[in-house]
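The values are calculated or read from the model by the stated rules, or taken from the named source; none is laboratory data. From a predicted model like this one, the values you see are computed outputs, not experimental measurements. Cβ placement follows ideal geometry from the backbone for every residue including glycine, while neighbour counts extend to all protein chains displayed.
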Amino acid sequence: AAKTEERNTLRFYTPMMHANTSRRLLLASELRQALVREEFRLVYQPSIEMRTGRIVAVEALVRWQHPDRGEVLPSEFIPVAESLGLIRRIDEWVMQAACAQIEAWDMAGMPPVRVAVNVSARGFGHAAFVDGVSRALQRRRVPPGRLMLEITESAMLRMGDDTERTMRALHTLGLEVAIDDFGTGYSSMAYLKLPAVAYLKIDRSFVSGLPESADDVAIIEAMLAMSRSLGLKTIAEGIETEAQHEFLLRAGCAEGQGYLYSYPLAASAIERLMSPRSYHVPTKLRLVPPKR
Ligand code: C2E
Ligand code: MG
Ligand code: MG
Ligand code: MG
């Protein structure tokens, strides 16, 4: 049986897969070092109020600045980190770095926009999660209302007592949660009623078909109607064209994010964007700095 299995394995093993596997193995051994050497950094993508173009939030997105490969994107190293059990340490680093950045921005007198941080399923499900968040906030004296947590729909799949307890604890702390990649998770909608959940982020796979795809139009309209009646705010992600912007604005989507407005930017570029005088982004739409 072992032989047959081996033969079957080999038959499906292509050179391309080999290259991917060895790259993953290499990344794995380097990922541990990356944590020690602090090779991670955060970039920030603005989220705008669709009606006004005003920046109301930024989402922190992690990047791995690899010494010789250059920038590695999360889609490549997050799955590796998950399989190695390193994801919680990365999440923790991200949380600390985001809180440190909020403190620095506050001290520099930047307008107090919301900062969103992505949390992995493993991190969110861990018993020490809420304590960790609470400590990171306290250490930097960050008001809990400034931080928003983004949790993907699939991360909430195992919705049981734990999920509910965690959400309640976050709510008590004063934190708001967004359901990320909404519409892709095949999961129950019961979590939309949980206390801390305040935002729905419409996955960009639905936005990309706008306004031509009748299916995407129907799905998005249904999502907007549902979140309106549940009292949730909606953020559309992955907006790349003016036609998508126009459609979502008219359909009543409150916030948007995407390359049309801004790519994810370094903290220093965010600072320039936020200053009332000198800001410039290479997009067609004029972004308005936040309210002071
Ligand atoms: P996400 O949270 O849904 O983030 C949105 C992703 O879409 C980001 O990719 C962003 O750069 C990209 N994006 C934004 N606007 C557009 C657009 O107009 N068009 C297109 N095609 N893409 C756009 P990124 O930074 O590569 O992150 C990918 C995913 O990795 C994130 O999806 C999130 O799930 C995860 N991730 C990122 N940072 C972290 C982190 O610090 N911790 C954890 N646990 N996961 C993270
Ligand atoms: Mg996100
Ligand atoms: Mg998202
Ligand atoms: Mg997404």
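Some points to look at:
- Count of residues meeting criterion [at pLDDT 95 or above and away from ligand 4 (no atom under 16 Å from the Cβ)] in the stretch 114-128: 2
Okay, residues lined up against (1) of a type in the set (Gly, Ala, Ser); (2) over 17 Å from the mean Cα position of the chain (by Cα); (3) within 16 Å of ligand 1 (Cβ to nearest atom):
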residue	(1), (2), (3)
121	yes, no, yes
127	yes, yes, no
135	no, yes, no
140	no, yes, no
144	no, yes, no
149	no, no, yes
152	no, no, yes
156	no, no, yes
166	no, yes, yes
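- Odd one out for residue 211 among (1) in a helix (DSSP H, G or I); (2) more than 22 Å from residue 55 (Cα to Cα): (1)
- The lone criterion from (1) under 30 Å from residue 104 (Cα atoms); (2) more than 12 Å from ligand 3 (Cβ to nearest atom) left unmet by residue 216 is number (1).
- Each residue in the stretch 186-223 was checked for being free of Cβ contacts under 8 Å to residues at least 12 places away in the same chain, surrounded by 13 or more Cβ atoms within 10 Å (Cβ to Cβ) and charged (D, E, K, R), and 1 of them qualify.
- Criterion: modelled with pLDDT of 80 or more and more than 20 Å from the chain's Cα centre (by Cα) - qualifying residue of 27, 10, 61: 27
- Residue satisfying condition, being more than 20 Å from residue 176 (Cβ to Cβ), among the acidic types (Asp, Glu) and within 15 Å of ligand 3 (Cβ to nearest atom), within set 255, 221, 240, 246: 240
- Residue check, residue 255 charged (D, E, K, R) and within 16 Å of ligand 2 (Cβ to nearest atom): yes
- The number of residues in the stretch 250-270 being buried (at least 16 other Cβ atoms within 10 Å of the Cβ) and either away from ligand 1 (no atom under 15 Å from the Cβ) or part of a helix (DSSP H, G or I) (or both) comes to 5.
- Residue count for the stretch 208-230 under the criterion of being over 18 Å from residue 153 (Cα atoms) and out of contact with any Leu (no Cβ under 6 Å at 6 or more places or on another chain): the result is 14.
- Residue match in the stretch 97-106 (condition: closer than 30 Å to residue 225 by Cβ and at pLDDT 90 or above): no
- Whichever residue in the stretch 151-185 is surrounded by 22 or more Cβ atoms within 10 Å (Cβ to Cβ) and in a strand (DSSP E or B) and, among such residues, is nearest to ligand 4 (Cβ to nearest atom): 180
- Complete set of residues in the stretch 224-248 that are in a helix (DSSP H, G or I) and surrounded by 16 or more Cβ atoms within 10 Å (Cβ to Cβ): 224, 227, 244, 245, 247, 248
- Checked against (1) at pLDDT 95 or above; (2) under 15 Å from residue 235 (Cα atoms), residue 181 passes all but condition (1).
Residue-by-condition table, conditions (1) away from ligand 2 (no atom under 16 Å from the Cβ); (2) among the aromatic types (Phe, Trp, Tyr); (3) at pLDDT 95 or above:
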{"position": "199", "(1), (2), (3)": "no, yes, yes"}
{"position": "215", "(1), (2), (3)": "yes, no, yes"}
{"position": "250", "(1), (2), (3)": "yes, no, yes"}
{"position": "271", "(1), (2), (3)": "yes, no, no"}
{"position": "280", "(1), (2), (3)": "yes, no, no"}
{"position": "286", "(1), (2), (3)": "yes, no, no"}
{"position": "290", "(1), (2), (3)": "yes, no, no"}
